1. Taking the Cβ-Cβ separation of GLU218 and SER91 as r and a Förster radius of 45 Å, what is the calculated FRET efficiency to the nearest 0.05?
2. Given H placed on each backbone N at 1.01 Å, which residues far from VAL199 in sequence or on other chains put an amide H within less than 5 Å of it?
3. Charges only on Cβ, +1 for Lys and Arg, -1 for Asp and Glu: so what's the dipole of the range 314-471 about the Cα centre, in debye to the nearest 20?
4. Roughly how many debye, to the nearest 20, is the charge dipole of the range 275-367 about its Cα centre, given +1 on each Lys and Arg Cβ, -1 on each Asp and Glu Cβ, and no other charges?
5. Measuring from centroid to centroid over Cα atoms, what is the spacing of the range 190-210 and the range 363-408 in Å?
6. For the range 227-337, with only Lys/Arg (+1) and Asp/Glu (-1) charged at the beta-carbon, what is the dipole magnitude about the Cα centre, in debye rounded to 20?
7. At GLU84 and ARG465, where each label point lies 7 Å from the Cα along Cα→Cβ, what is the point-to-point distance in nanometres?
8. Cβ neighbours within 10 Å, averaged per peptide: list 390-396, 65-71 in order, most packed at the top.
Amino acid sequence: MREYRTRRPWGVLIAITVAGGLLLTGCGGGASDGSGKSNGSAVFPAPAYSPGPNDGRESTNHLSTFALDVDTASYGYARRVLSEGRLPEPSTVRPEEFVNSFPQDYERPRGNGFTVTVDGARTGDTDWSLVRVGLATRAAPTEGERPPAALTFVVDVSGSMGEPGRLDLVRDSLDILTDRLHDDDSIALVTFSDEARRVLPMTRLGGHRARVHEAIDELEATASTNLGAGVRTGYATAVEGLRPGATNRVVLLSDGLANTGDTAADTILERIADARREHGITLFGVGVGSEYGDALMERLADRGDGHTTYVSSDGDARRVFSEQLPQNVELTARDAKAQVAFDPRNVTEFRLIGYDDRRVADEDFRDDRVDGGEMGPGHTVTALYAVRTRPGAGGHLATASVRWLDPGTREPHEESGQLETGSLDDDLWHSSYGLQVAATAAYFADDLRVNRAGGAPLPGRPDLRALADRADSLAERRQDADVRGLAAAIRTASELRGSE
């Protein structure tokens, strides 16, 4: 197994808006207290050195740098496909989105900012461990604490949205959100099929909820999908209704099956780049439908300083638009990047699991002109590494650092945590609950990608039947409905694999 090399992102591809936020009023750092958690006492800057080239059997670069991401659409869509008796296409499986679909219980900061937790455990493969880098933001605000929001909904009403239950789910989602938002929040509504139409200008909800619900109820599927027109009109509407001091966001609800006009993410987003840069308007993509344009929606969100999720049921809609509302509305950090420095005295190889489209050149970690992830409050971000240690390794193993900009002042801040080799003594399946859940999700994604697309499996990966048993045991331990759903998805994949 070879290390994933770091590389420079595609233009402004590295942009992940999400719910999970990082805001610090002063520049801080965190020292490890031996548990892998930062304690806020000293700064551990990301090391700048990189070893010279070798014969390729060991990592030639002991730094790993990526933009933060808590997208979850890939996992949601995979579960939908599996429920229909199909295995998802490997190209739609993004391991980090499987992992980040399960919030972790990392310690949260007392005030603005975030904690960095680094831990790990041994796998069944000799000298190989899984290392978990966890970032936790401050808790989501209570109902009355968040700033007002100005949300422009861009709704796909093309013919493909006529699939039974598809547009109904969009209507239900918007109705839930309209009821949950504050009187001081604002909503605009744009629809698109073969052309775009502004249904509702930016409207304060106080005294106008009935008007908004009426506009939502009248949504009907019509013709082809001109996604480009919808996004352009949506951003124009958002700029026209821009509210200083509010969270200004475009929310795109679509199956992503563009077939008319501009159909490429690059072309579509070139036309709204000025709105992103000048006004700070971000994009939240909500995918629906059994046939889903995953690749296009993913790139739209990445290039639009945004994030994606996938909604397939009323329960999903309630979770995204009600329970997770502060996370999906408020923005608390911009251009957040993480860098992990592995100690070459103790580490011979490492592999970042997923984040393939989030890689950032190592030298750009502290270049604040380079895009990172846009984050909100109340989320956790998890990155898993497969790490091979040298025989007899001892002492320092890794330093994980995160850097971000205050969304208001653009001032940079950093926080760090460390991991010692002694922290890897536990067997993976006897480690913490959260690490086992993250590993189970990552192994599941790896199996779905590798078995059909080829490549070396992650160290210590069980077969699907054994992995489903692991997930069942974890779900039973804490009566965790989300992990029980993961176990069911793994078991379904195992049965489908057996029928191939």
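The values are calculated or read from the model by the stated rules, or taken from the named source; none is laboratory data. The structure displayed is predicted, hence computed values, not measured ones. Cβ placement follows ideal geometry from the backbone for every residue including glycine, while neighbour counts extend to all protein chains displayed. Ligands, DNA and RNA are excluded from the accessible area calculation, which covers all protein heavy atoms including side chains. Shrake-Rupley method; radii C 1.70, N 1.55, O 1.52, S 1.80 Å.
1. 0.80
2. For VAL199, the qualifying residues are LEU189, VAL190, THR191.
3. 460
4. Dipole about the Cα centre, nearest 20: 160 debye.
5. Cα centres, the range 190-210 to the range 363-408: 40 Å.
6. Charge dipole of the range 227-337: 340 debye, to the nearest 20.
7. Modelled inter-label distance: 2.9 nm.
8. 65-71, 390-396
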